[in-house]
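S.K.: Pasting a structure here, questions to come.
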Amino acid sequence: MKKTSTVRVNGNMVFKGHKLTIGLDLGDRWSFYCVLDEAGKVLLEQKVATTPEAVKQAFERIPRSLIALETGTHSPWVSRLLAELGHEVLVAHAQKVQLITKSNRKDDRHDARTLARLARIDPELLGPVRHRSAQAQIHLTVIRARAELVSARTALVNAARGLVKSYGQRLPKCGTQQVSRELGAGLHAELREVLEPLLKEIESLNERIQEYDERMEKIAKESYPHVELLKQVKGVGTQIALTYVLTLEDPHRFPKSREVGCFLGLRPGRRDSGESQPQMHISKEGDPYLRTMLAQGAHYILGPFGADSDLRRWGLKLAARGGKSAKKRAVVAVARKLAVLLHRLWVSGEVYEPLRNSDKALRAVA
């Protein structure tokens, strides 16, 4: 086999000849990469600063190669940059590369070499994933930033109520979005003075969250008009629908709608062996935030304000079976069916008929 030739230019190794396979282990400050030739021989192992300038300088002189890296904080922008440089990028699902996650020998050099060897042998061993586009990522960041503010607001409201209780008093009941400085009007003067900055901060968070809500509505209206198709389902608002669209991005990546439930980790895991088929929890392999959003939609559908629909009737029957955690299992099952339904509406553009199956059954009986 012809040996890959290398020459040194300006202190950097530039490769010519055969197609190369590169494993890139990303770190927060520094990353390590390993270059293999067609025979699997290590040609170069080196570290590079995890910055756009350094990554570009390191890989722009290397001929088009297959580069494998794991999912992580830096993997979206790194994968886009490498693709722009002409490389074939393979983003490995970090949880599925057990040769790295369960290895007793954990270091950057070894991880980069493992990624390169797995990519060279069979890329499917890495459980490849596809990162969303830069536009979808920035729009999704709006939703995630709002979620962080909501979490902070909840923590502050709980803190305020807990502090007041320790003095034998209580703040009036209301939703978190109604909490303001006026809520402490009934407290004695000294306590009210101490809590006023805390309640003022909650007021400010409410204003910022409202701004994010308006921004989400604007994004959905201007960039993703098909969000309205998903909002036909009662219990699915702009936040859930937009999160769903931005996370999946391309609905046609799934040949069948039912595959979306598996993609989002809403199906039970499997560990069958011989005659043993244990019942397992859902895999939780997909996007955790979207899974949470779908669960919230399922809670609304099954709750007292949920509109009558085939999905609600099916979920309530499942919850009525009784047994341990029956309601919880019903919520997860409805969330999975909701994910499938939203994908179907998105792809087909159909008008949603809440009682379509029930009406068919009635007509068949008649």
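The values are calculated or read from the model by the stated rules, or taken from the named source; none is laboratory data. Predicted model only: the values in this text are computed from it and were never measured. All Cβ positions, glycine included, derive from the backbone under ideal geometry; neighbour counts span all protein chains shown. All accessible areas refer to the heavy atoms of the entire protein, side chains included, with ligands and DNA or RNA removed. Shrake-Rupley method; radii C 1.70, N 1.55, O 1.52, S 1.80 Å.
S.K.: Taking every alpha carbon pair in the chain, what does the distance histogram look like in 10 angstrom bins from 0, in percent?
M.R.: 4, 18, 22, 22, 18, 11, 4, 1, 0
S.K.: Tell me, what is the per residue accessible area of the chain in Å², probe radius 1.4 Å?
M.R.: Per-residue accessible area for the chain comes out at 58 Å².
S.K.: Please list, short to long, the whole-number percent of alpha-carbon pairs of segment 181-227 in consecutive 5 angstrom bins beginning at zero.
M.R.: Answer for segment 181-227: a P(r) of 5, 20, 17, 12, 11, 9, 8, 8, 6, 4, 1 percent.
S.K.: Now for a separate question. Given points 7 Å out from each Cα along the Cα-Cβ axis, report the Asp122 to Glu60 separation in nanometres with one decimal.
M.R.: A separation of 3.8 nm, rounded to one decimal place.
S.K.: Please work out the FRET efficiency for the pair Gln232 and Ala94, using the Cβ-Cβ distance as r and a Förster radius of 41 Å; give the result to the nearest 0.05.
M.R.: 0.70
S.K.: With the crude spin-label approximation of a point 7 Å out along Cα→Cβ, what separation in nm comes out for Asp213 versus Arg321?
M.R.: 3.8
S.K.: Okay, moving on. Leaving out ligands, DNA and RNA, what percent of the accessible area of the chain is carbon and sulfur, probe 1.4 Å?
M.R.: 50
S.K.: In nanometres, what is the gap between the two model label sites at Asp250 and Leu191, each 7 Å from Cα along Cα-to-Cβ?
M.R.: Those two pseudo-labels are separated by 5.9 nm.
S.K.: Something else now. Relative to the first principal axis of the alpha-carbon coordinates of the chain, what is the inclination of helix 108-121, with its axis defined by its Cα atoms, in degrees from 0 to 90 and to the nearest 10?
M.R.: 80
S.K.: Starting from 0.36 nm per residue, how many nanometres of slack lie between Ala83 and Asn357 once their C-alpha separation is accounted for?
M.R.: Difference between extended and current length: 94.0 nm.
S.K.: Could you give the length gained on full extension between Lys165 and Thr51, defined as 0.36 nm per residue of separation minus the Cα-Cα distance, in nm?
M.R.: Once the chain is fully extended between Lys165 and Thr51, it gains 36.1 nm.
S.K.: For the chain, what is the calculated [θ] at 222 nm in deg cm²/dmol (nearest 500), taking -39500 (n - 2.57) for each run of four or more DSSP H residues and dividing by its residue count?
M.R.: For the chain, the value works out to -16000 deg cm²/dmol.
S.K.: Please quote Rg/Rh for segment 64-165 to two decimal places, taking the Kirkwood radius as Rh and restricting both calculations to Cα atoms.
M.R.: On the Cα set of segment 64-165, Rg over Rh gives 1.19.
S.K.: Among the listed pairs Lys256/Lys327; Lys221/Lys360; Lys173/Lys317; Lys234/Lys360; Lys231/Lys317, which have their C-alpha atoms separated by more than 31 angstrom in this model?
M.R.: Long pairs (Cα-Cα over 31 Å): Lys221/Lys360; Lys173/Lys317.
S.K.: A further question on this structure: Set the Förster distance to 35 Å, then compute FRET efficiency between Ala152 and Lys221 from the Cβ-Cβ distance, nearest 0.05.
M.R.: 0.80
S.K.: I would also like to ask the following. Test of understanding: extend the Cα→C-beta vector of Ala307 to 7 Å, then name every residue of segment 325-354 with backbone N under 11 Å from that spot.
M.R.: 352-354
S.K.: May I pose another question? Cα to Cα, under 30 Å, and not fewer than 8 places away if on the same chain: which lysines meet these conditions relative to Lys47?
M.R.: Excluding near neighbours in sequence, the set is Lys2, Lys3, Lys16, Lys19, Lys56, Lys96, Lys102, Lys106.
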